[in-house]
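A quick write-up on the structure given underneath.
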Amino acid sequence: MADVLKLGIVLMLVAVIAAGSLGFVNSLTEPLIAQQKEKAKLEAMESVAVSIVGAGVPVTFDSLSVPGLANPYAQSDAVLSVVGVFSEGHKRGYVFIAYGRGYSSTIQTMVACGLNGEITASEILYQQETPGLGANVSDPDRFLVRFTGRNTQSLFLTADGGDIDAITGSTITSRAVTLSVRRGMEAMAAAGLFQEGGQSR
Amino acid sequence: MSLTREFTKGIYKENPVFRLALGMCPFLAVTSSVENALGMGVAAGFVLICSNFLVALLRSVIPSKVRIPCYIVIIATFVTLVDLIMNAYLPDLHRSLGIFIPLIVVNCIILGRAEGFANRNTVPAALADALGMGVGFTFAMVVMATFREILGSGTWLGINLLGSPYSNQPILIAILAPGAFILMGFILGFFNMIDNRRKGGAL
């Protein structure tokens, strides 16, 4: 009996010390991590917005709410609806984050598009796809460069009847990104954010 | 045994992957590029040093009947601490290593060294052992990743070695899971062959 008690107490002590140190470190790092995430998101927004307004032009962001873009995979801290990009008081385009269910993660893609509904730049914010295969989606020259200049009508993989080549060996990842971006832009088009004519092509 | 010997044995004689056949999961899963292999090796080595240190320090406190749960709690705690601290203070490093950190918990080298070495040796010996095993594991990962990345992508550490005609149409299977198993067979067979020769045995 005394033996069992001793085992239990040792186990409990180990667990209590582990939990205590984890809780302590978490309380220190949590605000920093949230800050880093926010900063990374803002930097990504600024870097894709350059493609709309041109380099060196100061931009301001203003969030818009678009019905239908709420995503079930989005984490509560990651909900960013569409953000309008303004420079010198004029609306120049939009930035939004698309969430797509990939092979082993929910892929977050930040997309910038002009008022005519054409993509001007995109970049992967977060993914945990297979290293060496799906993870190559983060390499901007490898996949996302193929999105530039496209609209909701032309955002389809070759395998789905379009002409965007998927990353070799990573069709699921490529399809997830393509589909999530297209869905996002369709929701924006339905909300009337794009100018007439931009959709007719 | 001297500390030097505790350190060097992990690199070849008792290499965790080639000789002890531990840590096969990361050896197969994250060796598709040299960069990933290096990251995983260094991250796992760091956790190994921390856990070996603590296990050796507490070896007379932890009763043998509950040692495994204690080790697992210790290892998991270290992994989570590394994850949180790296995320907060070294965000760039975390971005490139982040996906490997949770995988370290299931790396059986760490539990294997806690159970097989650290719990019956002194703290300095356990540290030397952890360092050697960490280096040996990283070495094994990089060897495997070198083959896989050159064959499967035509590059080494992201540098294009074989020119674009090859890297546009590489032997893709080398970076896919079946290629990992095939190459692992060749590499382990090669090291067994050397070992047999050394013992004077036949092939």
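Here is a yes/no grid of residues against (1) touching an Asp or Glu at 6+ places or on another chain (Cβ under 6 Å); (2) of a type in the set (A, V, I, L, M, F, W, C); (3) open to solvent by less than 40 Å² (accessible area, probe 1.4 Å):
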{"position": "A:ALA2", "(1), (2), (3)": "no, yes, no"}
{"position": "A:LEU5", "(1), (2), (3)": "no, yes, no"}
{"position": "A:ILE9", "(1), (2), (3)": "no, yes, no"}
{"position": "A:MET12", "(1), (2), (3)": "no, yes, no"}
{"position": "A:ILE17", "(1), (2), (3)": "no, yes, no"}
{"position": "A:LEU22", "(1), (2), (3)": "no, yes, no"}
{"position": "A:ILE33", "(1), (2), (3)": "no, yes, yes"}
{"position": "A:LYS39", "(1), (2), (3)": "no, no, no"}
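Within segment B:30-43, the set of residues being within 13 Å of chain A (Cβ to nearest Cβ) and open to solvent by less than 50 Å² (accessible area, probe 1.4 Å) comprises B:VAL30, B:THR31, B:SER32, B:SER33, B:VAL34, B:ASN36, B:ALA37, B:GLY39, B:MET40. From the list B:VAL135, B:VAL106, B:VAL143, the one residue that fits, being surrounded by fewer than 16 Cβ atoms within 10 Å (Cβ to Cβ) and within 21 Å of the chain's Cα centre (by Cα), is B:VAL106. Could you tell me whether segment B:52-64 includes any residue that is out of contact with any Phe, Trp or Tyr (no Cβ under 7 Å at 6 or more places or on another chain), closer than 18 Å to B:VAL142 by Cα and among the hydrophobic types (A, V, I, L, M, F, W, C)? No, there is no match, as no residue in segment B:52-64 is out of contact with any Phe, Trp or Tyr (no Cβ under 7 Å at 6 or more places or on another chain), closer than 18 Å to B:VAL142 by Cα and among the hydrophobic types (A, V, I, L, M, F, W, C). Restricting the first member to segment A:175-196 and to residues that are under 12 Å from A:ASN151 (Cα atoms) and in contact (Cβ under 8 Å) with a residue 12 or more places away in the chain, and the second to residues that are open to solvent by less than 20 Å² (accessible area, probe 1.4 Å) and in a helix (DSSP H, G or I), the beta-carbon pairs closer than 7 Å and six or more apart or on different chains are A:VAL181/A:PHE147; A:PHE194/A:MET188. Just wondering, is there one or more residues in segment A:117-128 that are within 14 Å of chain B (Cβ to nearest Cβ), surrounded by 15 or more Cβ atoms within 10 Å (Cβ to Cβ) and within 20 Å of B:ALA37 (Cβ to Cβ)? Among the residues of segment A:117-128, at least one is within 14 Å of chain B (Cβ to nearest Cβ), surrounded by 15 or more Cβ atoms within 10 Å (Cβ to Cβ) and within 20 Å of B:ALA37 (Cβ to Cβ), which makes the answer yes.
Part of a helix (DSSP H, G or I), at the interface with chain B (Cβ under 8 Å from one of its Cβ atoms) and of a type in the set (Gly, Ala, Ser): is that true of A:SER21 in this structure? Taking the combined requirement at face value, the residue satisfies it. Within the span defined as segment B:165-179, one or more residues are under 22 Å from B:LEU20 (Cα atoms) and open to solvent by less than 60 Å² (accessible area, probe 1.4 Å).
Sort out which residues of segment B:160-187 are within 14 Å of chain A (Cβ to nearest Cβ) and not in a helix (DSSP H, G or I), and write them in order of number. Residues satisfying the conditions are B:ASN160, B:GLN169, B:PRO170, B:ILE171, B:LEU176. Among the residues of segment B:44-73, the one identified as within 7 Å of chain A (Cβ to nearest Cβ), surrounded by 20 or more Cβ atoms within 10 Å (Cβ to Cβ) and aliphatic (A, V, I, L, M) is B:ILE62. Summed over segment A:41-58, residues that are open to solvent by 40 Å² or more (accessible area, probe 1.4 Å) and more than 14 Å from chain B (Cβ to nearest Cβ) total 8.
The values are calculated or read from the model by the stated rules, or taken from the named source; none is laboratory data. Owing to the predicted nature of the structure, the values given are computational and were not obtained by experimental measurement. FYI the Cβ positions are ideal-geometry reconstructions off the backbone, even for glycines, and counts take in every protein chain you see. In case anyone asks, the SASA skips ligands and DNA or RNA and just uses the protein heavy atoms, side chains included. Shrake-Rupley method; radii C 1.70, N 1.55, O 1.52, S 1.80 Å.
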